[in-house]
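Have a look at the structure below, then the notes.
We did not get these values from a lab; they are worked out from the coordinates using the rules stated. Here the structure is a predicted model, which means the values were calculated and not measured. When we count neighbours, we look across all protein chains shown, and the Cβ atoms used for this are built from the backbone with ideal geometry, even at glycine.
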Amino acid sequence: MLPILQSIEDSGLILRNHLIWQYNFAVFTEQKFASSHYHILYVIKDEKEVFFNRIKLLGSVKMENEMTKHEIMK
């Protein structure tokens, strides 16, 4: 993992978030431990121009700072 993180830094990219997704199932092996997690890296080019396309919530639930089109037009 360290070579990947070093390559990100060397290329001028910015590591915004490093997630570790762990799950409870893995391939059974007798000679070694199986991997039961993934590393997910969220990397950006410019910290001032970040675009994050978040998933909209279903139903009538509204996020705290989210406004509807009608509220914006007022």
(message) Just to be sure I understand the model, the point goes 7 Å from the Cα along the line to the Cβ. What's the resulting His37 to Leu13 distance in nm?
(response) 2.1 nm
(request) May I ask you to derive the FRET efficiency for Asp46 and Gln22 from their Cβ-Cβ distance with R0 = 30 Å, giving the value to the nearest 0.05? (result) 0.45
